[in-house]
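Written below as structure tokens is the structure these notes are about.
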Amino acid sequence: MCGIAGIIHRDGPSDLGTEITTMLQSMKHRGPDSTGYALYGQPDDLIVVRFVLAEPREYGGFGVEERLERSRAEVESRLAKIGAEVATITSPTGYAFRATIRYEGDLKPLADYLEDIPGCEVLSLGNSLEIVKDLGDAATVLEQYSLAGLTGTHAIGHVRMATESDVDLASAHPYWAYPFADVAVVHNGQLTNYHQWRRRLERLGHRFQSECDSEIIAVYLAEKLEGGVPLETAMKTSLDDFDGVFTYLVATDSELGIAKDEMAAKPLVLFESDGLVAMASEEIAIRALVGREVETRDPYEREVLTWQV
């Protein structure tokens, strides 16, 4: 079933970690298996790298901590070899890491070089975006990663109920548009021409970290943005190119957008005020955020909406 949520503050940063958690936790019934966030802070000169070196359920097994120490040392070594200067590197869990680096080169060789390390998966790269995802509900992930008080301008999030794939980080949303900086997607539904679009994008030189169709949407949109196409235009084009039943949210360093397919069968409600825009699979998430009943609307079929920070 799954649930998606998004929020954008147009009048300055807010406590995004707590706010998006409040929305996602209210929809725990839609997806108790994993929770994920794409959080956007103020752009910085430093690049933030979020990566994992093991699946959560591996951690604590025999010899795993020693392997993780070797892998972490290899990450730092490779960052130095490729010309990145490490400012900080921390680990809230022992298997998930956050690094800030100074780096002037292309992001794709950097991401590829790190992912050549056995067990390493880069979750996000960018000057603004940080993807955090793990097993469990939103309250659990908030506490585990100390997200309360994390300020920013906009965010999207996802709660997942595993149906056709495993309960693991590789299947958890959101998805970064590898290797494009600061583009992430969450979605509810299914692309029926997923394999066709995956092959097309692979022929253009892209590779994918998962079997999830949300990642296809992210890379499709990011490639068009890289080519100078405005986000709203790219999203409208996606409705012609993608088949299936879906509603998706996409975020960049400066925009947030929603799109519904022509059947509009996957739910999404929208609330908008002068300084705040919030959207979610269920109205209960909007009420949980603002603390009262508010007037919302359901975007119609083939509707595309975007907002700027």
Total residues in segment 1-52, condition over 21 Å from LEU268 (Cβ atoms) and polar (S, T, N, Q): 3
Out of all the residues in segment 8-32, which are touching a Ser or Thr at 6+ places or on another chain (Cβ under 9 Å), at pLDDT below 95 and part of a loop (DSSP other than H, G, I, E, B)? ARG10, GLY12, PRO13
Can you tell me which residue is farthest from CYS120 (Cα to Cα) among those in segment 60-95 that are exposed (fewer than 13 other Cβ atoms within 10 Å of the Cβ) and β-branched (Val, Ile, Thr)? THR88
Any residue at all in segment 107-118 that is modelled with pLDDT of 90 or more, in contact with an Asp or Glu (Cβ under 9 Å, 6 or more places away or on another chain), part of a strand (DSSP E or B) and at negative phi? no
Residue list for segment 291-306, filter: buried (at least 16 other Cβ atoms within 10 Å of the Cβ) and not in a loop (DSSP other than H, G, I, E, B): VAL304, LEU305, THR306
If we ask which residues in segment 209-255 are within 16 Å of TRP307 (Cβ to Cβ) and assigned to a loop (DSSP other than H, G, I, E, B), their number turns out to be 4
Qualifying positions in segment 48-63 - modelled with pLDDT of 95 or more and in contact with a helix residue (DSSP H, G or I) (Cβ under 8 Å, 6 or more places away or on another chain): VAL49, PHE51, VAL52, LEU53
Among ALA38, ALA54, which is the only one that is crowded, with 19+ Cβ neighbours inside 10 Å, in a strand (DSSP E or B), of a type in the set (Gly, Ala, Ser) and within 20 Å of the chain's Cα centre (by Cα)? ALA38
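Say we look at segment 256-274 and pick out the residues that are aliphatic (A, V, I, L, M) and not in a loop (DSSP other than H, G, I, E, B); which of these is nearest to the chain's Cα centre (by Cα)?
LEU256
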Could you count how many residues in segment 197-208 are part of a helix (DSSP H, G or I) and surrounded by 15 or more Cβ atoms within 10 Å (Cβ to Cβ)? 3
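Yes/no matrix, rows are residues, columns are (1) among the β-branched types (Val, Ile, Thr); (2) touching a His at 6+ places or on another chain (Cβ under 9 Å); (3) within 27 Å of GLY41 (Cα to Cα):
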{"residue": "ASP240", "(1), (2), (3)": "no, no, no"}
{"residue": "ASP243", "(1), (2), (3)": "no, no, no"}
{"residue": "THR252", "(1), (2), (3)": "yes, no, yes"}
{"residue": "ILE258", "(1), (2), (3)": "yes, no, yes"}
{"residue": "GLU283", "(1), (2), (3)": "no, no, yes"}
{"residue": "LEU289", "(1), (2), (3)": "no, no, yes"}
{"residue": "GLU295", "(1), (2), (3)": "no, no, no"}
{"residue": "TYR300", "(1), (2), (3)": "no, no, no"}
{"residue": "THR306", "(1), (2), (3)": "yes, no, yes"}
So for segment 188-196 (the condition being in contact with a Gly (Cβ under 7 Å, 6 or more places away or on another chain), in contact (Cβ under 8 Å) with a residue 60 or more places away in the chain, within 21 Å of ALA5 (Cα to Cα) and assigned to a loop (DSSP other than H, G, I, E, B)), does at least one residue qualify? no
Of the residues in segment 240-293, those that are within 20 Å of HIS173 (Cβ to Cβ), modelled with pLDDT of 95 or more and basic (Lys, Arg) come to LYS260
Name, by its number, the condition in (1) out of contact with any Ser or Thr (no Cβ under 8 Å at 6 or more places or on another chain); (2) among the small types (Gly, Ala, Ser); (3) at pLDDT 95 or above that does not hold for GLY205. (3)
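The values are calculated or read from the model by the stated rules, or taken from the named source; none is laboratory data. Small disclaimer: the values here were computed from a predicted structure and weren't measured. Here Cβ is always computed from backbone atoms with ideal geometry, including for glycine, and neighbour counts include all displayed protein chains.
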